[in-house]
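Notes follow once the structure below has been shown.
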């Protein structure tokens, strides 16, 4: 399962998640991790497009919108019953894990209630977070971990543990 922030304007038209330029980048990331889009259930913190922000980009969903949509996200978790959840962007990471800084979460995995969470930055070209070489390295580490975890979820049960030991993962 993948949890993003909210649909963008293109997603409203296409009724498909991550269909713009950010979607192309996300698809490349998933491919790097050996994950196909068809394997992923897409969910979001907010269910509707929050509108355009002044100066471009999409608005961040309001607290009220987030609270109104939370039962839908909770229901996604209940229905899908994911073993692995990819959290895309700061808002998804903050709302699901309660941690706000990308630099403290990307490159780590978190386990809660039998679910492995893999935080990623948002793939938007507007984000400057990936301009830093250290942050790019964190992303690469997260994608490698995701690939190893998914390999284990597909039937190689020892793989995530071996990878964890080999990579000295941070697990919270």
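The values are calculated or read from the model by the stated rules, or taken from the named source; none is laboratory data. All figures in this text were calculated on a predicted structure; none of them were measured in a lab. Glycine gets a Cβ as well: all are built from the backbone with ideal geometry, and neighbour counts include every protein chain shown.
How about the range 17-35: which of its residues are modelled with pLDDT under 90 and surrounded by fewer than 15 Cβ atoms within 10 Å (Cβ to Cβ)? Of everything in the range 17-35, just one residue is modelled with pLDDT under 90 and surrounded by fewer than 15 Cβ atoms within 10 Å (Cβ to Cβ), namely 21. Report whether or not residue 86 is more than 12 Å from residue 5 (Cβ to Cβ) and in contact (Cβ under 8 Å) with a residue 60 or more places away in the chain. When the stated conditions are applied, residue 86 passes them.
Only residues that are in contact (Cβ under 8 Å) with a residue 12 or more places away in the chain, farther than 23 Å from residue 57 by Cα and assigned to a loop (DSSP other than H, G, I, E, B) were counted across the range 102-130, and they come to 3. Of 106, 99, all but one fail to be within 16 Å of residue 4 (Cα to Cα) and modelled with pLDDT of 95 or more; the exception is 106.
Give the range 131-172 a look and list any residue that's part of a helix (DSSP H, G or I), modelled with pLDDT under 65 and within 19 Å of the chain's Cα centre (by Cα), or say none.
If we filter the range 131-172 for residues that are part of a helix (DSSP H, G or I), which is where we start, we get 131, 133-153, 159-167.
Okay, now just the ones that are also modelled with pLDDT under 65, so 159-167.
Scanning the range 131-172 gives a single hit, 160.
When the range 39-53 is filtered for residues that are closer than 15 Å to residue 84 by Cβ and surrounded by fewer than 17 Cβ atoms within 10 Å (Cβ to Cβ), the ones remaining, listed by number, are 39, 41. Taking helices (runs of 4 or more DSSP H) as the structural unit, those lying wholly within the range 10-101 and holding at least 2 residues that are more than 17 Å from the chain's Cα centre (by Cα) correspond to 63-80. In summary, residue 9 fulfils each of the numbered conditions (1) surrounded by fewer than 17 Cβ atoms within 10 Å (Cβ to Cβ); (2) at pLDDT 95 or above with the single exception of condition (2). Scanning the range 115-130 for residues that are modelled with pLDDT of 85 or more and closer than 21 Å to residue 27 by Cα yields 116, 117, 118, 119, 120, 121, 122, 123, 124, 128, 129, 130.
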